[in-house]
1. Find the residue count for the range A:102-111, including only residues that are more than 10 Å from chain B (Cβ to nearest Cβ) and either open to solvent by less than 10 Å² (accessible area, probe 1.4 Å) or among the aromatic types (Phe, Trp, Tyr) (or both).
2. Has the range A:96-106 got at least one residue that is outside any loop (DSSP other than H, G, I, E, B) and touching a helix residue (DSSP H, G or I) at 6+ places or on another chain (Cβ under 9 Å)?
3. Out of curiosity, is B:Gly245 within 14 Å of chain A (Cβ to nearest Cβ), in contact (Cβ under 8 Å) with a residue 24 or more places away in the chain and assigned to a helix (DSSP H, G or I)?
4. I'd like to know if the range B:162-182 contains one or more residues that are polar (S, T, N, Q), surrounded by fewer than 22 Cβ atoms within 10 Å (Cβ to Cβ) and in contact with a helix residue (DSSP H, G or I) (Cβ under 6 Å, 6 or more places away or on another chain).
5. Does the range A:148-162 include one or more residues that are open to solvent by less than 10 Å² (accessible area, probe 1.4 Å), under 24 Å from A:Pro200 (Cα atoms), within 11 Å of another protein chain (Cβ to nearest Cβ) and of a type in the set (A, V, I, L, M)?
6. If you go through the range A:112-127 one residue at a time, how many are more than 9 Å from chain B (Cβ to nearest Cβ) and touching a residue at least 40 places away in the same chain (Cβ under 8 Å)?
7. It is to be established whether one or more residues within the range B:28-45 are aromatic (Phe, Trp, Tyr) and outside any helix (DSSP H, G or I).
8. Show me the helices (runs of 4 or more DSSP H) found entirely inside the range B:46-130 where at least 1 residues are open to solvent by less than 60 Å² (accessible area, probe 1.4 Å) and closer than 17 Å to B:Asn204 by Cα.
Amino acid sequence: MVTGAQNHQGEILIKDVTKIYDPEGVHVVAMKDCSFDIAAGEFAVIVGPSGCGKTTLLNAIAGFDTITSGEIYLDGELISSRDRQIKPDVERMVVFQNGALFPWKTVMENVIYGPVVQKRMKKREAVDAAREMLHQVGLNGIEDKYPEELSSGVQRRVEILRALINKPKVVMLDEPFRGLDAVAKTVMHEFLMDIFCESPRTMFFITHDLDEAIFLGSKVIIMTTRPAQVKKIVHVDLPWPREHHVLGSKIYLDLKREVLEAVHEEAKKAFEAGEREMA
Amino acid sequence: MEMIQELRLKREFKKVFNIRVIRGFLSIVMFVVLWQLVVFIKVPYLENLPYPKDVAAGAADAAGSRTYWFGWGISLVRIFVGFIMAQLIGIPLGLAMGISRTFKDFTFPVFEMLRPIPPIAWIPLAILFWPTRELSIYFLVFIGAFFIIVINVIQGVSNISVSLKWAASSLGARPKHIFWRILVPGSLPSIITGMTVGMGVTWNVLIAAEMIAGQGGLGRMTWEAYTNNNIPFIVVGMVSIGVAGYLCSTLVRWLGEKAMPWKKRF
């Protein structure tokens, strides 16, 4: 769709990544020898106990934070290691947990910010492109509103469009729909599903919501409790585009049981670890 | 049609003359009546108070005199010179302290040492230090607004969520862009708060400075009314200072609304 020709790029390779916060002081090991890969155009969903280091990994891929050891590659290029950290760029777009639309910019100004600041498009062109994107997802008419005038569901969609207009190789979303009610979430899932099916690109989606994980993901990566490692990878072989009635199908329920068991085990460990820390 | 028009008129009428406006008006009337009464029955210790009508006559006199309006002009110039200098120096300084840890480490301790000193306590030093009385008053007004704006800007910068900065850098913004398009607008609400509070303080400082050291200005005028034992004119001076301060605060608020259209619409 709006995102144009797609090029099947965006393969992510995560190799033995370790992240230790404050190595000389408190020494929190957030991730230890974590390895997995995401194929180009794959919708990867990461689930795991709170505070297990999912966001740490996202920050490392995005270039916001460094890692202690290991390597992260994007399309074969080393983007993060102990000695090398490629700065954030438009190939790795992030949609943040608490939303990061610029409150002082209108919807239109937010969406065109990327192409204009990179000088990739003239303002006129960017406005046209943004208008078309908004129109395609049924969000026309809000161009001149400020983010705080919109519901959080609409804000999230605008933020996703602001990322997509840059045609990134990877879109990373950190619990983007947390705090939305069930109905709004359904709308968001369909929105994301449409966008992904129109033009598949690599997705790195963090969530706590297992239904969301299986519904959206082509694979669900379950992380262990801290220090984070891969506990299990569940491939979701449901046909695309998915619609909400798959949530009742047998294959879906089997997948959910599989994911749930793995998550439950880790949640229990995390809980016990918490108890130990308290004691 | 006519009926609708009539209803609309009624609604407009109700909007303007609603019960709260009427109560507000009554409170002022009651205050003046009480004042009249206090003077009339010669309440102990308040027997020197002028009648409301004497003050009104004083105000009418003042409004017709050039010296009175000259006083307004002098005070307003002093306020704006000092206030604007404080913003011109304080905002960049606050931004620098908010952005650079190193710069803050070098400057903040001294800043925090000087900040608790009430601006009025600077008066003697200011008079000695600056070659003219006028310059020392500008300086005092400056002090009144300076520390407040700096502390607010620092606060404003540190309140900007890190995800906004990260989002901007992912979107391709370079440090220069992040400064001008994220840090500056992001700290604008705090800048406006600092300006509003600072404007209030500058009037306090100005009046004290004028009474002690000034030539001309509303504060000096009020003080001279005291030395001439012209009580109605003292009250006129006080009210004028109040009105002037209110107008200046309104101006700052208006500027704030203009500068932050995203804050206004809801």
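1. Residues in the range A:102-111 being more than 10 Å from chain B (Cβ to nearest Cβ) and either open to solvent by less than 10 Å² (accessible area, probe 1.4 Å) or among the aromatic types (Phe, Trp, Tyr) (or both): 2 in total.
2. No, every residue in the range A:96-106 fails to be outside any loop (DSSP other than H, G, I, E, B) and touching a helix residue (DSSP H, G or I) at 6+ places or on another chain (Cβ under 9 Å).
3. no
4. no
5. no
6. Selection size over the range A:112-127: 1.
7. There is at least one residue in the range B:28-45 that is aromatic (Phe, Trp, Tyr) and outside any helix (DSSP H, G or I).
8. Qualifying helices (runs of 4 or more DSSP H): B:66-99, B:123-129.
The values are calculated or read from the model by the stated rules, or taken from the named source; none is laboratory data. Because the structure is a prediction, the values reported are computed rather than measured. Cβ sites come from the backbone with ideal geometry, for glycine too, and all protein chains shown count toward neighbours. When the accessible area is computed, the model is the full protein with side chains, heavy atoms only, and any ligands, DNA or RNA have been set aside. Shrake-Rupley method; radii C 1.70, N 1.55, O 1.52, S 1.80 Å.
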